[in-house]
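Just so you know, all these numbers are worked out from the coordinates, no wet-lab data involved. Here the structure is a predicted model, which is why all the values come from computation and not from measurement. Cβ placement follows ideal geometry from the backbone for every residue including glycine, while neighbour counts extend to all protein chains displayed.
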Amino acid sequence: MEEKGEENGVAAMKACYQKFDPAAYLQYNYTPPRADFTRNDSIVPWKLACLHRAFTEADVSGGLLVDIGAGPTLYQVLSGCEVFDKVILTDFLEVNRQELRRWLHNKGGCSLDWTPYLQHVCKLEGRRPSAWTEKAARLRQVVTDILPIDVHCSQPLAPDALPSGGADCLVSCFCLESVSPDLAAFTKALGHIRKLLRPGGHLMLIGALGESYYFGGPGVRIPVVPLSEAQVCASLKESGYTLIRLEVYTLTQDMRVGVDDVTGVFFAKARKD
Ligand SMILES: C[S@@+](CC[C@H](N)C(=O)[O-])C[C@H]1O[C@@H](n2cnc3c(N)ncnc32)[C@H](O)[C@@H]1O
Ligand SMILES: O=[N+]([O-])c1ccc2c(c1)CN[C@@H](CO)C2
């Protein structure tokens, strides 16, 4: 009986995503005030600082980084692309994979200009902002695949999508809690993606705290599993990760722009033992 309920919940979430609008989503979340590089209390610079620190720590190494549920965004691999020689981007929707391909193939027609993001991460790396063109070239060089994924499948990717040893590192941002019908499914999905990671590999996980819905486009209201810090820690432990660090950003009033009811953002660095 329980299986049926879970299946129906997952199917309902997938139906919600059929109207997801990448351009609107980028506009809602990746433009000022949430992405304001002149303010150090804006959400996106905080996320980029967490990712920069985590990816440049000595315990992170290897060849392959996989982004789980990339959506139409690239910010989450701007630091990792300097550390890993191969990056695989994944998403459930073709419209998002198309958006990523447009930027990577440098054919124009992208929904967002990633230049300020590239420049900001160059600054974090102590490079001159004009090195953003080199970072863009690096990213285009290391991204080898943009693949379909379903984190609710016990095998989220196609059988031979990854080398037999698995990925050396996973990054996943605002995906699992935004695609799961409840906390149990969120925790189960953490277990599914853990199988893509080699033992000793790291998971860089960014997500929403206290969020019950967000708009994935005009009128496209998508339910979210409202998470607390304690639940994030418990789910990571239950699904077989060792938590290294958890950092939390609490939204100020002006970051609440009406596109969701998120109250905080967490960054977790964890390891698969
Ligand atoms: C809130 S967006 C996050 C996008 C991006 N990672 C970011 O940081 O903004 C959630 C993403 O999960 C994807 N998604 C939906 N259902 C999924 C599933 N079953 N498995 C994996 N990804 C899924 C959606 O297509 C969407 O791109
Ligand atoms: O402030 N942000 O940088 C930001 C970016 C993406 C998202 C949020 C906030 C909150 N909602 C999630 C979807 O559950 C998506």
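Multiplying the residue separation of Arg140 and Leu183 by 0.36 nm and subtracting their alpha-carbon distance yields 11.9 nm.
Taking 23 Å as the cut-off for C-alpha to C-alpha distance, list the pairs among Lys188/Lys237; Lys47/Lys135; Lys14/Lys269; Lys4/Lys188; Lys107/Lys195 that go past it.
On the way: Lys188/Lys237 12 Å; Lys47/Lys135 18 Å; Lys14/Lys269 28 Å; Lys4/Lys188 15 Å; Lys107/Lys195 35 Å.
As for pairs spanning more than 23 Å Cα to Cα, those are Lys14/Lys269; Lys107/Lys195.
Extending 7 Å from Cα along the Cβ direction at Arg221 and again at Leu243 yields two label points whose distance is 3.1 nm. Estimated from helical segments only, the mean residue ellipticity of the chain at 222 nm is -10500 deg cm²/dmol, where each DSSP H run of four or more residues counts as -39500 (n - 2.57). Taking every alpha-carbon pair under 8 Å whose residues sit at least 6 apart, the chain reaches a relative contact order of 20 percent.
Among the trypsin sites (Lys or Arg not before Pro) found in the stretch 98-160, those both in a DSSP coil and sparsely packed, with 10 or fewer other Cβ atoms within 10 Å of their Cβ, are Lys107. For the chain, the orientation-averaged shadow of the C-alpha convex hull comes to 13.4 nm² (one quarter of the hull surface). Of all DSSP beta bridges confined to the stretch 106-241, the antiparallel ones make up roughly 35%.
The modelled label-to-label distance for the pair Lys4/Ser130, using points 7 Å beyond Cα in the direction of Cβ, is 6.7 nm. The stretch 1-75 and the stretch 155-200 have Cα centres spaced 14 Å apart.
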